[in-house]
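The values are calculated or read from the model by the stated rules, or taken from the named source; none is laboratory data. Note that this is a predicted model, so its numbers are computed, not measured. Backbone-built Cβ (ideal geometry, glycine too); neighbour counts: all protein chains shown. These accessible areas exclude ligands, DNA and RNA; they are computed on the full protein's heavy atoms, side chains included. Shrake-Rupley method; radii C 1.70, N 1.55, O 1.52, S 1.80 Å.
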Amino acid sequence: MSRPELTRRELLRAAGTAVLAGAVRAGGQAEAMILIPAGPFLQGTAPEQAAALAKQYGHHPSWLAGEVPQRSVVLPAYRIDRCPVTHRDYLAFVQATGHRRPGVWPGADPPAHLLDHPVAGVDAADAEAY
């Protein structure tokens, strides 16, 4: 049975949740991780798709130059958390360790309405520290 190829968008969505993979949540519970098997995915955009998207969103086609050409890329297997790290999780980490807060937080804490949303504004060093 062959595995369907992932689009770049699907891969980036998975990678975005994987940045903080392997973390232990604020309550001390290790989150279940899932294995993404090795295999191909479609990276990039076909030239005609890139032109259509640029037109649709009012951008010059060169804005999507890095997306062309679409190609199949094979990735090794990797593990990611089943659930993304939330602002609430990351806040507990910041409070426990004194690590810097993400620049997207307007103050010392994330906005209450974002507490259960995936954390944003962290870089690779922040993810490693987490």
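Scanning region 86-97 for residues that are of a type outside the set (A, V, I, L, M) and either within 23 Å of Pro40 (Cα to Cα) or open to solvent by 60 Å² or more (accessible area, probe 1.4 Å) (or both) returns Arg88, Gln95, Thr97. For region 72-123, filtering for residues that are assigned to a loop (DSSP other than H, G, I, E, B) and charged (D, E, K, R) leaves 6.
Hey, could you check region 54-85 for residues that are hydrophobic (A, V, I, L, M, F, W, C) and open to solvent by 70 Å² or more (accessible area, probe 1.4 Å) and say which is farthest from Leu114 (Cα to Cα)? Walk me through how you get there before you give the answer.
First pass over region 54-85, keeping only residues hydrophobic (A, V, I, L, M, F, W, C): 54, 63-65, 68, 73-75, 77, 80, 83, 85.
Those still in the list that are open to solvent by 70 Å² or more (accessible area, probe 1.4 Å) too: 63, 74.
On the way: Trp63: 30, Val74: 35 Å.
The residue in question is Val74.
Residues that are small (Gly, Ala, Ser) and in contact with a strand residue (DSSP E or B) (Cβ under 6 Å, 6 or more places away or on another chain) were ranked within region 20-43; the one that is modelled with the highest pLDDT is Ala30.
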